[in-house]
Protein chains: 2
Amino acid sequence: MTTAPAAPTAPAALRERAARLDADDPLAALRDRFLLPPDTVYLDGNSLGPLPAAVPPVVRDVLTRQWGTDLIASWHTNGWWEAPLRVGDAIGALIGAAPGQTVAGDSTSVQLFTALDAAAALRPGRTLLVTDPEHFPTDRYLAEAVARRRGLDVRRVPPAALPGFLDAEGHRVAVVSYSPVDFRTGELYDMRALTRAAHQAGALALWDLCHAAGALPLDVDSLGVDLAVGCGYKFLSGGPGAPAYLYVARRHHAGLETPLPGWTGHADPFAMAPQYTPAPGVARARVGTPAILSLLALEAALTAFDGVDLTEVRAKSLSLTGFFLRCAEELLAPLGFTAVTPADPGRRGSQVSLRHPGARALTAALAEHGVIADMRVPDLLRFGVNALYTTHQELLTAVLRLRDVARARGADGS
Amino acid sequence: MTTAPAAPTAPAALRERAARLDADDPLAALRDRFLLPPDTVYLDGNSLGPLPAAVPPVVRDVLTRQWGTDLIASWHTNGWWEAPLRVGDAIGALIGAAPGQTVAGDSTSVQLFTALDAAAALRPGRTLLVTDPEHFPTDRYLAEAVARRRGLDVRRVPPAALPGFLDAEGHRVAVVSYSPVDFRTGELYDMRALTRAAHQAGALALWDLCHAAGALPLDVDSLGVDLAVGCGYKFLSGGPGAPAYLYVARRHHAGLETPLPGWTGHADPFAMAPQYTPAPGVARARVGTPAILSLLALEAALTAFDGVDLTEVRAKSLSLTGFFLRCAEELLAPLGFTAVTPADPGRRGSQVSLRHPGARALTAALAEHGVIADMRVPDLLRFGVNALYTTHQELLTAVLRLRDVARARGADGS
């Protein structure tokens, strides 16, 4: 039976704390860099970031002046040709990559395919690809596909077990492919330790940064990460299906063999030569003609990070998720919700996941009350926070609405 | 030495003929479907089509309402999820493909990789991939890459020699990969005869339709084409780097193995299952999350073909290229220009290419005088025509301007 939820009420202590944390937030002004819909608490920015204010004017310019008026000349006069490398460097700045090692374009799946295949080629004679059994599906499917094509085997090893596995089998491992943040639970893994363990075994470390880039400081160069990929549309807020990116550490460039030698990765693309000669540097990882509208929208979106210190972003993100966990403990645990995101800040990404058997129905009911979260089968509600625009008061509102819809729907949420 | 060119003058007969052909053009009103820049003769639509009038309002809606307001729900409420198949079907209608066989997304290079690899897998035991020595570079590079990965060999056989080659070696050929239009010369090949020759040898026929789709009637279903790919940004005018497409004949769907099993091609993508189970039909050729901005811009662009009969497009295109060749013969041949595009209308795509040693400098000089063409090394000037907006009078203007800049620059155009 569904009844209209009561107006949200909350313990005064939580209300006051949320207000104080927001009042003291050094990043509060960044919220104006996003065009958020009114009367909505948007907590799905870890799936699709909201529209940055910088995007519409840039897209208008790309359409009407660059494409509409300057036409084909824009490949050079408006910097379209260099965009994959320029946007790649802008993303590189957010993941700790010095310029010239990151290229933007294609989808995460295509970039993963390239990264996995190239990694295997860089470690000839090694027969195993190792990945997380809980990894995002596309990562697992593509690891299987690359392994099958190359006659290798995939081993699925949870992050906690990886060092032990590598002690025993590491000499056979070409590459370990993990995400620093579990997309279901929001658990954060130790990139430094896992990268080091891979290297001690002589394997390469490939990281999928989809759920981390833009949400916390990353430092691929100084950790010695070998390859990394990620999407443009989660915490980077580049728009639906925004181009992905591929990072390849400079030391691997000379030996990098891409499985997709498209013409834009050629050393002299307009010579239209019969044989493929790879461009120097990471440019050889370019594939076909880039989707310029989506790519330049992403570039505009990245300006939301201009002047932003990711250490501050991380601090606020932890404040937000910590506050959410506290609210959930107080107001939702009695209704059968269990937090699966670690309480330890050092093991927490930028989302909170709650387990409840009615996850699907509750997420839908929340949306009807202006709180946008998402769910992952069978029973997880996911709440992403983005320190560039999320407030503590929004999180309290979300928890209160969830309490009310859960109460209204009964113990199983149905 | 450069001098200002004289004002264009032309034989009255050519002027009158251009005016009459344009006055009688049944497609003349379609030009209003494009936002062409003023004072420009744009003859590079075979490289980047101009901005269709339908695109800006759609992109504005995608940005501000769909992304900005509806946010993540748009994947379902605004049809984002189905867009690759919906846009695929819209392109299918232009290439003679019944619905359910074409998927839009990624770049032509990625789609070619998928098509070549899938074709090889459909013909196990056959050891040759055959392609055109004059094929667009990315087609050649990717054929080599797929062959290398699969332990196959590439044979480069000109289209005219293909039937003879297949008579001798056809039993070893997995797939023949050609374009119906030579991107340099504009020569049109006989898709029906070459497809039939491939089939008689038991091989598959894969066509790259980049330089043909939207410019002439294609009939992939009735010709029995096995696979086809193409881009969205030439005659389809979908915008810079607009998503590409892949056509797979229905009879191959059940056995289709894609080398890029991304999560969106899964039978139940939101189950996030550990194993990849391909979706039924051509949906299994979806890869990663599609670049929605670019994809929906392409969808809007395709409405420029609403109600348009491609037979009429072809007739006008031949009228345009025929008129251009006549003007070139009369006004440019005396200056050392040689037409390399066949005079026979049955062997002509939708462009005219002229050979001249000063091609590069002359193309640049033309652009300064408002005529946008392009060149291909070492010595070809390319003039693409698109019957949806190009006029005969524009072509006469282009030829006259080229005559004038050639005269001003001396015999070698430098």
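Annotations
- When the test is whether a residue is hydrophobic (A, V, I, L, M, F, W, C) and under 25 Å from residue B:112 (Cβ atoms), residue B:331 does not pass it.
- Selected residue [out of contact with any helix residue (DSSP H, G or I) (no Cβ under 7 Å at 6 or more places or on another chain) and in the same structural domain as residue A:291 (by TED's automatic domain parsing)] from A:90, A:115: A:115
- If you go through the stretch B:39-56 and keep only what is within 11 Å of chain A (Cβ to nearest Cβ), hydrophobic (A, V, I, L, M, F, W, C) and open to solvent by less than 20 Å² (accessible area, probe 1.4 Å), you end up with B:43, B:48, B:51, B:55.
- Failed item, numbered, when residue A:36 is tested on (1) closer than 27 Å to residue A:385 by Cβ; (2) out of contact with any Phe, Trp or Tyr (no Cβ under 7 Å at 6 or more places or on another chain); (3) open to solvent by 10 Å² or more (accessible area, probe 1.4 Å); (4) outside any helix (DSSP H, G or I): (2)
- Filtered by the rule that a residue be at the interface with another protein chain (Cβ under 9 Å from one of its Cβ atoms) and either among the hydrophobic types (A, V, I, L, M, F, W, C) or out of contact with any Lys or Arg (no Cβ under 7 Å at 6 or more places or on another chain) (or both), the stretch A:263-277 gives A:263, A:266, A:269, A:270, A:271, A:272, A:273, A:275, A:276.
- Test: residue in the stretch A:167-188 that is over 28 Å from residue A:104 (Cβ atoms), crowded, with 18+ Cβ neighbours inside 10 Å and among the aliphatic types (A, V, I, L, M): yes
- Against the list (1) more than 14 Å from every other protein chain (Cβ to nearest Cβ); (2) under 24 Å from the mean Cα position of the chain (by Cα); (3) touching a residue at least 60 places away in the same chain (Cβ under 8 Å), the condition residue A:255 fails is (2).
- Failed item, numbered, when residue B:315 is tested on (1) closer than 23 Å to residue B:37 by Cβ; (2) surrounded by fewer than 18 Cβ atoms within 10 Å (Cβ to Cβ): (1)
- Qualifying residue in the stretch A:68-76 (condition: more than 22 Å from residue A:385 (Cα to Cα) and either outside any helix (DSSP H, G or I) or polar (S, T, N, Q) (or both)): yes
- Among residues of the stretch A:105-132 that are facing another protein chain (nearest Cβ under 10 Å), those with a beta-carbon under 8 Å from a residue that is surrounded by fewer than 24 Cβ atoms within 10 Å (Cβ to Cβ) and among the basic types (Lys, Arg) at least six positions away or on a different chain give the pairs A:117/A:149; A:117/A:150.
- Selected residue (criterion: nearest to the other protein chains (Cβ to nearest Cβ)) from residues of the stretch B:290-308 that are over 17 Å from residue B:29 (Cβ atoms) and under 18 Å from the mean Cα position of the chain (by Cα): B:294
- Of the residues making up the stretch B:304-312, none is in contact with a Cys (Cβ under 8 Å, 6 or more places away or on another chain) and in a helix (DSSP H, G or I).
- Criterion applied to B:363, B:338, B:311 was being of a type in the set (Val, Ile, Thr) and within 19 Å of the chain's Cα centre (by Cα), and the one residue passing it is B:311.
- Restricting the stretch B:359-378 to residues that are touching a residue at least 24 places away in the same chain (Cβ under 8 Å) and under 16 Å from residue B:328 (Cα atoms) leaves a set whose member that is nearest to the other protein chains (Cβ to nearest Cβ) is B:373.
- The set of residues in the stretch A:57-72 being at negative phi and either at the interface with another protein chain (Cβ under 9 Å from one of its Cβ atoms) or among the aromatic types (Phe, Trp, Tyr) (or both) consists of A:59, A:60, A:62, A:63, A:64, A:66, A:67, A:68, A:69, A:70, A:72.
- Only residues that are in a loop (DSSP other than H, G, I, E, B) and within 12 Å of chain A (Cβ to nearest Cβ) were counted in the stretch B:278-289, giving 4.
- Tally of residues being within 24 Å of residue B:134 (Cα to Cα) and crowded, with 24+ Cβ neighbours inside 10 Å across the stretch B:219-239: 13
- Residue match in the stretch B:346-360 (condition: open to solvent by 20 Å² or more (accessible area, probe 1.4 Å), under 30 Å from residue B:26 (Cβ atoms) and among the β-branched types (Val, Ile, Thr)): no
- Scope the stretch B:317-335; condition more than 22 Å from the chain's Cα centre (by Cα) and without any contact (Cβ under 8 Å) to a residue 60 or more places away in the chain; matching residues: B:329, B:333, B:334
- Here residue B:97 clears all of (1) in a loop (DSSP other than H, G, I, E, B); (2) crowded, with 19+ Cβ neighbours inside 10 Å; (3) within 14 Å of chain A (Cβ to nearest Cβ) except the condition numbered (3).
- Qualifying positions in the stretch A:77-93 - of a type in the set (A, V, I, L, M, F, W, C), open to solvent by less than 20 Å² (accessible area, probe 1.4 Å) and assigned to a helix (DSSP H, G or I): A:83, A:87, A:91
- Taking the criterion of being basic (Lys, Arg), in contact with a strand residue (DSSP E or B) (Cβ under 9 Å, 6 or more places away or on another chain) and assigned to a helix (DSSP H, G or I), the only residue of the stretch A:371-414 that qualifies is A:401.
The values are calculated or read from the model by the stated rules, or taken from the named source; none is laboratory data. A quick note: this is a predicted structure, and the numbers were derived from the prediction, not measured. Note that we place each Cβ from the backbone using ideal geometry, even for glycine, and neighbour counts take in every protein chain shown. To get the accessible areas, we keep the full protein, side chains included, count just its heavy atoms, and leave off ligands, DNA and RNA. Shrake-Rupley method; radii C 1.70, N 1.55, O 1.52, S 1.80 Å.
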